[in-house]
Amino acid sequence: MTETLMVSIYVFVLAAFVGFEVISKVPPLLHTPLMSGSNAISGITVVGSLIAAGEGHGGLSVILGMIAVIFAMINVVGGFMVTDRMLGMFKQDTSKSKQIKKAE
Amino acid sequence: MKELIYLAYLVSAVLFIMGLKLLSSPKTARRGNLLGAVGMLIAIVVTLLDKAIIDFTFILIGLVVGGGIGLLLAKRVQMTAMPQMVGLLNGFGGGASTLVAFAEYMRLSGDASLTVWTGANVSYDVLATLVLSLLIGTVTFTGSLIAFAKLQGIMRGAPILYAMQKQINAAMLLGAIVLGVLFVLDPSLWLFLIIIIAIAAILGVTSVIPIGGADMPVVISLLNSYSGLAAAMTGFVLSNNALIITGTLVGASGFILTSIMCKAMNRSLGNVLFAGVGVDYAAGETAATEQRTVVRYTPEDAAFMLENAQSVIIVPGYGLAVAQAQHVLQELASILISRGATVRYAIHPVAGRMPGHMNVLLAEANVPYDLLLEMDQINDDFQNTDVALIIGANDVVNPAARTKKSSPLYGMPILNVDYARTTMVVKRSLNPGFAGEDNDLFYEKKTMMVFGDAKSVVTNLVQVLKK
């Protein structure tokens, strides 16, 4: 058991508690944006993939790294943008009525 | 420099947590998402400063191609297709973890052709988490692709079952674990890693195909959790705490949503985890269909009823979204509100195809979110309500869940629509819902059945009420 591993396990367990605490406060109203938003931040693997793709010795691992960058970036950009799009649609009731909108 | 990078990662992790915290209210949610995006930008920029990066060509290609695809997906996707979109994103997340872990193995091995293992002193924990990262990442990748195919209609939604399914899956998982242990003891056995990836790829497929299309909310949430877990494992491999924190947050989020969905669908998590989901379906089909009669009403009758109602609760189901009737339904609600009635929407946790899906669909149709109430908030109000208007929902309002012990629905929390003074059901036919259980509600005296496509019926109601 290395020291790094111990620290990592501490971080893992504490992060799990923070996660449960924070996420259980998200109302069901926003569960879909929560999923797409958390998808976006799970694209943090991009950090590892950037290093793999940039090592420069031109081997297979660089190609794998590049594909990983692509995958992770789809997650990051797609996730954040679609979440923003969704959250932009959630509006409060301002004028209690009169907002009859023509359906297409 | 390294210290600076690690501090920047910490800032990113804090921004992610703050972002998720702001998601607790629709007023601040958008800002929260933006904070998360800023955190990600910081993480990416400081990583590019890392000395280990020598060549930026492939990075640039990756950033542009991936970012472009993501942009396109986010702009183009229809709100009804959000479950597929999230499924696909889960898959890419898992796939990225697998690839990063494997690339890291190649770096550790010290020889790009993998023929000789020259990587000295790689500790067991790095190797073990490497195996886990590959396993979970790959299962997430292929499992998500199957979930995507089912939701998108590329594959039939019906469960695919065969003999010994659970046992075969369990055996494969066990096999992968045994190979994993052998690999940890001798990390030059790279072929074992390839076999583990292959098994995981098959396992992802075989554990999602037995699950019916209607149970996809559970699967999507679970795969969401897996994708986070895979990222966390990759964090262990790279000793990168930013990955561990973030991956764990996502894992927790997916796990919480999974258990909420399980509860709302009346299934245990264990039942989901090992390919039990959807098995009940065959049993449901045996329900005897004795001839009972329902009273059919026209949209005009329904409009008259709504005209005189002081309070209306609308219960939307996925059928509403299929018929694309959200906008016209909001028009109907607006008319009723302008006539002085109280109109609210009751949202069952599994309305739609993923957690919270129905809320997004209605928000898109300009329904203010304060009118969208979750089951626990509104269930006691049905008894004081004149009309419960059910559109495109079935199982979530089936009283069999309360009374009929033999029903697959028994014990499932349902919306108490039958306590309202009048229950109005807009439905195409009397066909049972996904659980295969006939709905007694339709045959009750105070139930008004209006048959037809949700969009045309509601359009009709609007026209009559406008006169």
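Results, tabulated for the structure shown:
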| quantity | calculated |
| --- | --- |
| Within 10 Å of each Cβ in B:366-373, the average number of Cβ atoms from other chains | 5 |
| Neighbourhood net charge (12 Å Cβ-Cβ; Lys/Arg +1, Asp/Glu -1) for B:Gln377 | -4 |
| Sequence-distant lysines (8 or more away, or on other chains) whose Cα lies within less than 19 Å of B:Lys263 | A:Lys25, B:Lys404, B:Lys405 |
| For B:Ser311, residues with placed amide H under 5 Å, excluding near neighbours | B:Thr342, B:Asp386, B:Val387 |
| Qualifying trypsin sites (Lys or Arg not before Pro) in the stretch B:393-430, DSSP loop, other Cβ atoms within 10 Å at most 16 | B:Lys404, B:Lys405, B:Arg421, B:Arg428 |
| Nearest 10 degrees, 0 to 90: helix B:190-208 Cα axis against chain B principal axis | 0 |
| Using alpha-carbon coordinates, inclination of helix B:124-152 to the longest axis of chain B, degrees | 30 |
| Neighbourhood charge, 14 Å Cβ-Cβ cut-off, centred on B:Leu132 and excluding it, Lys, Arg +1 and Asp, Glu -1 | -2 |
| In sequence order, calculated HN-Hα J values of the stretch B:454-467 (Karplus, 6.51, -1.76, 1.60; Hz; x Gly/Pro) | 3, 5, 6, 5, 5, 4, 4, 4, 4, 4, 5, 5, 6, 5 |
| Cα-centre dipole for the protein assembly as shown with unit charges at Cβ (Lys and Arg positive, Asp and Glu negative), debye to 20 | 1300 |
| Descending semi-axes in Å of the stretch B:287-428, equivalent ellipsoid built from Cα gyration tensor | 23, 19, 15 |
| P(r) of the protein assembly as shown over all Cα-Cα pairs, binned every 10 Å from zero, in whole percent | 4, 18, 27, 23, 15, 9, 4, 1, 0 |
| DSSP H segments from chain A that extend 15 Å or more along their own axis, Cα-based, with Kyte-Doolittle mean of -1.0 or above | A:3-23, A:31-42, A:60-73 |
| On Cα atoms only, tilt of B:82-109 relative to the major axis of chain B in degrees | 10 |
| Amide proton proximity set for B:Ile211, modelled H, under 5 Å, gap of 5+ | B:Ile160 |
| Lys/Arg +1, Asp/Glu -1 at C-beta; chain B dipole; positive extreme among B:Ser207, B:Phe382, B:Ser406 | B:Phe382 |
| Kirkwood hydrodynamic radius of the stretch B:404-457, from inverse mean 1/r over distinct Cα pairs, in Å | 12.5 |
| Size of charge dipole - the stretch B:299-466 - debye, nearest 20, with Cβ of Lys, Arg +1 and Asp, Glu -1, no other charges | 200 |
| Per-residue [θ]222 nm for chain A (sum of -39500 (n - 2.57) over DSSP H runs n ≥ 4, rounded to 500) | -19500 deg cm²/dmol |
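Laboratory data are not the source of any read-out in this text; all were calculated from the coordinates shown. Note that the structure is a prediction, hence the values are computed from the model and not measured. Counting neighbours? That spans all protein chains shown, and the Cβs are built from the backbone with ideal geometry, glycine included.
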